[in-house]
Amino acid sequence: MRKKIIPLGILLYVLFTSNIVLAQGLYDVNTIQKIEITFPQVNWDYQMDTAKIGDEGYLMASEVKINGIAYDSVGVKYKGNSSYDSSKLKNPLHIQFDEFKEHKHDGYTDIKLSNGYGDPSLIREVLSYEILKNYMHCSKANFAQVYINGNYVGLYSSAENVDKNFCADHFYSSQNTFFKCNPTVNPGPTTKSNYKYINNDTSSYELYYELKSKLGWLELVQLCDSVTNNTASLENVMDMDRVIWMLAFNNLLVNLDSYSGVFAQNHYVYKDNTQHFNPIIWDLNMSFGAFPFAGAGATSMGALSVSGEQQFAIDNHATDTFWPLINAVQGNATYKKKYVAHMRTIMNEYFANPAYETIASQLTTIIDTAVQSDANKFYTYTQFQQAMDSSTLQGTYYIPGIKQLMNARVIYLQSRPEFTAITPVISSITSSIANPLFASTFTITANIANALSSDVWLAYRYDKTLKFEKVNMFDDGAHNDGAANDNVFGIDLSMQGGQMQYYIYAQNANAGIFSPERAEHEFHVLHAASSLPTAGTIVINELLASNATHSVDEYNQREDWIELYNTSSQLINLDGVFLSDDINTLNKWQFPAGTTIQPNGYITVWADDDESQQVLHTNFNLNKDSGILILSNTTSILDSISFFNQQSDTSFGRYPNGTGSFVQMNTTYAAVNNNYPLSINNYQPSAEFILYPNPTDGLVNIRSSYSSSIQVYTIQGKLVFEGKINEGELQINVSGWPVGVYFAKCGTSTSKLVVR
């Protein structure tokens, strides 16, 4: 029998679509997601068009399936500006799972889909995010085939929405000032989201920015004032490294449907807990020159030619007051050198070699068959096949081929004096102590050639949630750096965490360089000396099993939490340490590698059964009615506690702190347990009977509203007392009982008894 040879593109397509439910997640870049939307409305397209023109409300789909997983009553609407066309069927889509019901898919509440307008390659968005993710926080992205009422609409690119959950994932908070920087009016040359200061009236900014947090307009005005009028202090209010990465990326990839283009739009800005605003790039479907409008001043809308994009000036808008953020970077000698250094890093890693072409080829292969069968695509299949090498006419201008643009752009940039300038060379970075003790002093040195002696900095922090602090390094012979002027720079530092994350930046009169070159997004790490825990050095110190009004996590959710306490004077490393609520599965949740607790310090874990969330979130939660919590390592149980009948917002913690028995108390999240005792009325979890005094080391009174038998058990379940309450009260002498926690059962109710 003659064998049929299946083309590689079709084979990959079949493999991806046939195993689509087994994909690694909604945004696995190696997959095409299958999205099936069912509308009960026959005129659903008309209703969606009407909503888009009107209040942009959602139309309820009776069902949306993602890779075969169905959700009912889901919100769907059209989105986009130039990419939306009421005469077309394949329009950009926004699917909101929780618009009408509390749905989530793979942890996400919505999906945003771009229709390929302005991109003959159909890979610009996904390829751009694949590159950008190495240099700054950005969305995940891949592809989706969309079906509506059983009909194949076409292939879309799918990018993770930038929302409060995104902020929590990347900036470890979600409720601070948050704006989408897109004009809420039709974008035009003067309607820019550019941080240009207008006046102190917040209403003057409302057409150009979209508030995504509860409050923030006044802070936006203050930010615009800083960007426009106080650039010397800008580093105090903005994360300037992320600003510089954004501008470098936009310029290198000629991504002009962005802050760097005519409308200064398509990004978000979020203020983190360090009080710095962070830019977040968004909407990359027209990068690589597909949107050729750079703009100039307040009026210019002329399109760049393909050669104009290939030779797009690295300092475009340097003095144009309608782009004050670019003014601030280009007008500062150090920022400008960092900007060129970041551009050079991206160029050398992806475009001065075939790296980007390899990724582009892989993406094109994945979607090839889906493109062929897309009857609603904006370009022909032949144009898709040629979109890497050839330009495509789009109205009055040409969209360059991605290779056509970038290969010529690399040649142009490599000829520029900013890129041919001799950079410093950083090597032999060394710590005087391989693993410094907590709170000890040590020295970091580095060999740095071709740098100005006054222009070498080390930036450091002790946790990813903090900002980097910058200090000068010296080659003066007075900072444990050897002889003066020997190109060995040094700085003395103190280890104030479980690790120190750091990078070095050096510059001369013409150029700068980072080590590592992807800093601040990547960094060197120096680990402190630490000890592994033993029984008694780390204890379960407090837990809250019913959090109704207490602390919120970085996602603004009130979840159960567990507090551990380090009773020792040593830094404790939690590698190989587990928490569990199941005696038969001690290794249920493992602390992330590198987690430490400072001497006599605390660490708090959210017990919310959601490991997808950041910081410390377990894969189980706590049962307020009854449960067990176990802290263990690979060889033994380090600590454990059983608990029953927990009341809302009343925690269960050790008193005295770290060493005492567990009692109910007012919560002391990540702090010393000093809010005990509660009153007897607050203490008792059972309305049917009470124990008092409690805790006790002698007599305990048991009072009930009715006659009943009573049993008292150890936390291991051993019966230690049984009796009967007559006439509503019973007294027990527990002075000879071992110190610890017991549970008294009266009828169907249980209360805790603490003997001390």
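List the GluC sites (Glu not before Pro) in the range 94-136 that DSSP assigns to loop (not H, G, I, E or B) and whose Cβ has at most 14 other Cβ atoms within 10 Å. Which are they?
Those satisfying the criteria are 102.
From the phi angles alone, apply the Karplus equation (6.51, -1.76, 1.60; θ = phi - 60°) to the range 76-90 and give each ³J(HN,Hα) in whole Hz, x where the residue is Gly or Pro.
9, 8, 7, 9, x, 10, 5, 7, 8, 8, 4, 7, 9, 8, 8
Strictly over 23 Å apart at the Cα level, which of 79/403; 79/104; 192/338; 140/464; 52/88 would you flag in this model?
Distance filter (> 23 Å) returns 79/403; 192/338.
For the range 246-262, just list the computed ³J(HN,Hα) in residue order, Karplus coefficients 6.51, -1.76 and 1.60, θ = phi - 60°, integers in Hz, with x standing in for Gly and Pro.
Per residue, the Karplus-derived 3J(HN,Hα) values read 4, 5, 5, 5, 4, 5, 4, 8, 6, 8, 9, 7, 7, 4, 7, x, 4 Hz.
With the Cα gyration tensor of the chain in hand, give its eigenvalues times 5 under a square root as the equivalent ellipsoid semi-axes, listed largest first in whole angstrom.
Each semi-axis is the square root of five times an eigenvalue, giving 53, 36, 24 Å.
What ³J(HN,Hα) values, in whole Hz, does the Karplus curve 6.51 cos²θ - 1.76 cosθ + 1.60 give for the range 115-130 when θ = phi - 60°, with x put for Gly and Pro?
Here the 3J(HN,Hα) series is 8, x, 4, x, 9, x, 6, 6, 10, 3, 5, 5, 4, 5, 5, 4 Hz.
Return the distance in nm (one decimal) between the two label points of a simple spin-label model at residue 88 and residue 199, each offset 7 Å from Cα along Cα→Cβ.
Each label point lies 7 Å from its Cα, and together they span 4.0 nm.
Give, in nm to one decimal, the length gained when the segment between residue 476 and residue 724 is fully stretched (0.36 nm per residue of separation minus the Cα-Cα distance).
Gain on stretching residue 476 to residue 724: 81.0 nm.
The range 384-418 to the range 297-370: how many Å between their Cα centroids?
Here the two parts' Cα centres lie 12 Å apart.
Between residue 714 and residue 47, what is the spin-label point distance in nm, taking each point 7 Å from the Cα along the Cα→C-beta axis?
Placing both labels 7 Å beyond Cα along the Cβ direction yields 6.6 nm.
Need the C-alpha centroid separation for the range 430-457 versus the range 483-533, integer Å.
Using only Cα atoms to place each centre, the spacing works out to 6 Å.
Beyond a 32 Å Cα-Cα separation, which of these cross-linked pairs lie in this structure: 34/101; 101/196; 271/377; 133/470?
In this structure, 101/196; 271/377 lie more than 32 Å apart at Cα.
Treat each spin label as a single point 7 Å out from the Cα along the C-beta direction, and report the residue 464 to residue 376 distance in nm.
Going by the 7 Å Cα→Cβ label model, 3.8 nm.
So what is the 222 nm mean residue ellipticity for the chain from helices alone, if each DSSP H run of at least 4 adds -39500 (n - 2.57) and you divide by all residues, rounding to the nearest 500 deg cm²/dmol?
-5000 deg cm²/dmol, from helical runs alone.
Taking the Cα centroid of the range 131-156 and of the range 535-557, what is the distance between the two, rounded to the nearest whole Å?
37 Å
Please name whichever of 284, 314, 746 sits farthest to the positive end of the charge dipole of the chain, dipole taken about the Cα centre and charges placed at Cβ: Lys and Arg +1, Asp and Glu -1.
Going by the Cα projections, it comes out as 284.
For a quick protection proxy, order the peptides 382-393, 339-350 by their average other-Cβ count within 10 Å, most packed first.
339-350, 382-393
Can you list the residues of the range 432-454 with backbone N under 12 Å from a point 7 Å past the Cα of residue 509, pointing along Cα to Cβ?
452, by backbone N distance to the label point.
Pull up all non-local amide H partners of residue 184: gap of 5 or more, or a different chain, and H-to-H distance under 5 Å with H placed in the peptide plane.
Answer set, sorted by chain and number: 208, 209.
Subtracting the Cα-Cα distance from 0.36 nm times the residue separation, let me have the gained length for residue 236 to residue 440 in nm, one decimal.
Contour length minus Cα-Cα distance gives 70.6 nm.
Taking the Cβ-Cβ separation of residue 56 and residue 595 as r and a Förster radius of 51 Å, what is the calculated FRET efficiency to the nearest 0.05?
That pair, residue 56 with residue 595, gives E of 0.70.
Extension gain residue 552-residue 432, at 0.36 nm per residue separation less the Cα-Cα distance, in nm?
Extra length available between residue 552 and residue 432 comes to 39.1 nm.
Kindly state, to the nearest 0.05, the FRET efficiency for residue 414 paired with residue 355, given R0 = 22 Å and r defined as their beta-carbon distance.
Step by step, r from the Cβ atoms, then E = 0.85.
For residue 148, enumerate residues with amide H under 5 Å from its amide H, sequence gap 5+ or separate chain, H modeled in the peptide plane.
37, 153
Please list the non-local residues whose amide H lies under 5 Å from the amide H of residue 640, H modeled 1.01 Å from N, same-chain partners needing a gap of 5 or more.
The answer is 631.
None of the figures in this text is laboratory data; all of them are computed from the coordinates on show. None of these values were measured; they are calculated from a predicted model. Cβ sites come from the backbone with ideal geometry, for glycine too, and all protein chains shown count toward neighbours.
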